[in-house]
Ligand SMILES: Cc1cc2nc3c(=O)[nH]c(=O)nc-3n(C[C@H](O)[C@H](O)[C@H](O)COP(=O)(O)OP(=O)(O)OC[C@H]3O[C@@H](n4cnc5c(N)ncnc54)[C@H](O)[C@@H]3O)c2cc1C
């Protein structure tokens, strides 16, 4: 088909998992034209992710889907414990507050197909977003005019082409787009097969409300109360165990007999996954970008793989909007990897460290570990890394996520800001002029926003649409300067820290 007659979109998203569907919601909300191409006919019916954190719930709220997502999740208020074979607690994950820094609980549990259904339904809100199921992308070329995708409608066998200004590969661990970018994977060292066993209780069974990492050298396992009657066990395969035969019911039930039997629950599925810890080196080449599992994979000990994908898209979406709608230079898109890669690295590194603790098989090493922790269990939290270098100033706290306080008028900060830049200032700081893309919010003396600025020791903070701090200032002149730096930066992003 001649190029002039081919359908053209601002962004083509390959893959409609949580990363792709989430990105389409963010871009649709911004008014971009988007096509989502998904090979499968329906949502993958079996759960993988079961947990996400408060920052991710905030992103879902930012998509306008907060209430719908809350309806299919439960807040996790009990936390995670690492216990040894004797049941003694070695480590605990802190931060189980019902109202954490993001204006919601810090942890949420869910059934992944239900969450994905919410994200897909959200797309119906946007006339300019098209979802093509049973459509597989098998080749992509790019030139000065755009990216050209070769697509097969697998229902009919018809082959056709689609053009887009940018292509985002949200196409999972075996990503085509990552291969076309030519990005090698950096391996952080953990590769281990685990059996994932999902059960649906048929009757009340006494099981822990805590997520348990059972650090038993004879059989490392994870247990989680997911949602409603759903319960998950993840079970490490031992050397020599066959990943195929172990999934047969007669082999999996004995592994969990200490907790449940077939009289108590139905087996929803048992499947072996190989847990990995990898990050792609190269998230963009020209018009091609990757996000989610196609850019990185983590062992799920922190429940953070999908979370990282959602953080990716919140970082990338506003940059695509700036480039496509506000004439920002393409170099802004390079800050996506430089900012996000070190951030996700910190989470994967901690997951690998925890994996070393959980997966210990040598009884002597396990005994030594137990001696170290059992007297005084260690409390750890999710990392709170700052972003790597990118579209940020060199001012204090730049690159950190700003919390979400409730304002004096009862509204949440993000409700007021929408997906705009936000200039937050303390009352009495002086006159600040809102730039074309910013919303100014003045803290009322003593309110939660005022307290959040006080906690940082600043009088003003300029937030990006993803709620990471672009820069901070101590007075109105500094706040106005931050805005000038932002606009200059958006006009000529070089990827290095901007001087405020
Ligand atoms: C056992 C387990 C437990 C986990 N627990 C958690 C947890 O508690 N919390 C958490 O945050 N994360 C968790 N994760 C990780 C999480 O499930 C993944 O990070 C997440 O599903 C990745 O989403 P994605 O959209 O990036 O990729 P995927 O969900 O893999 O979606 C990719 C999509 O792209 C499509 N596709 C691929 N190639 C093409 C093509 N060429 N053309 C068209 N379509 C294509 C595929 O069909 C697929 O639908 C867990 C993972 C596992 C395995």
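Name the single residue, out of those in the range 370-383 being in contact with a helix residue (DSSP H, G or I) (Cβ under 9 Å, 6 or more places away or on another chain) and in a loop (DSSP other than H, G, I, E, B), that is surrounded by the most Cβ atoms within 10 Å (Cβ to Cβ).
382
Those residues that are outside any strand (DSSP E or B) and touching a residue at least 40 places away in the same chain (Cβ under 8 Å), I need them from the range 125-154; list them, please. Steps first, please.
Initial filter on the range 125-154 (outside any strand (DSSP E or B)): 125-128, 134, 144-145, 154.
Matches in the range 125-154: 125, 126, 128, 134, 145, 154.
Applying the selection to the range 346-366, what residues are in contact with a strand residue (DSSP E or B) (Cβ under 7 Å, 6 or more places away or on another chain) and outside any helix (DSSP H, G or I)?
Result: 359, 360.
Specify which of the listed residues (144, 124) is modelled with pLDDT under 95, exposed (fewer than 14 other Cβ atoms within 10 Å of the Cβ) and away from the ligand (no atom under 11 Å from the Cβ). Can you show your working first?
On the way: 124 fails: modelled with pLDDT under 95.
The unique qualifying residue is 144.
How many residues does the range 1-40 contain that are more than 9 Å from the ligand (Cβ to nearest atom), in a loop (DSSP other than H, G, I, E, B) and either without any contact (Cβ under 8 Å) to a residue 40 or more places away in the chain or surrounded by 24 or more Cβ atoms within 10 Å (Cβ to Cβ) (or both)?
1
Quick one: which strands (runs of 3 or more DSSP E) sit completely within the range 226-345 and have at least 2 residues that are more than 16 Å from the ligand (Cβ to nearest atom) and either buried (at least 16 other Cβ atoms within 10 Å of the Cβ) or in contact (Cβ under 8 Å) with a residue 12 or more places away in the chain (or both)?
265-280
Output yes when any residue across the range 71-86 is touching a helix residue (DSSP H, G or I) at 6+ places or on another chain (Cβ under 6 Å) and within 15 Å of the ligand (Cβ to nearest atom), and no when none is. Reasoning before the result, please.
Let us first name the residues in the range 71-86 that are touching a helix residue (DSSP H, G or I) at 6+ places or on another chain (Cβ under 6 Å), namely 72, 84.
Subset that is within 15 Å of the ligand (Cβ to nearest atom): 72.
So far as the range 71-86 goes, yes, one or more of its residues are touching a helix residue (DSSP H, G or I) at 6+ places or on another chain (Cβ under 6 Å) and within 15 Å of the ligand (Cβ to nearest atom).
Suppose we keep only residues that are within 10 Å of the ligand (Cβ to nearest atom) and either part of a strand (DSSP E or B) or closer than 29 Å to residue 100 by Cβ (or both) within the range 44-70. Which one would you say is farthest from the chain's Cα centre (by Cα)?
47
Residues to consider are 175, 156; find the one that is modelled with pLDDT of 95 or more and within 14 Å of the ligand (Cβ to nearest atom).
From the options 175, 156, the qualifying one is 175.
Kindly indicate whether residue 189 is touching a helix residue (DSSP H, G or I) at 6+ places or on another chain (Cβ under 9 Å), at positive phi, at pLDDT below 95 and away from the ligand (no atom under 13 Å from the Cβ).
It is true that residue 189 is touching a helix residue (DSSP H, G or I) at 6+ places or on another chain (Cβ under 9 Å), at positive phi, at pLDDT below 95 and away from the ligand (no atom under 13 Å from the Cβ).
The values are calculated or read from the model by the stated rules, or taken from the named source; none is laboratory data. Just so you know, these numbers come straight off a predicted model, no measurement behind them. Counting neighbours? That spans all protein chains shown, and the Cβs are built from the backbone with ideal geometry, glycine included.
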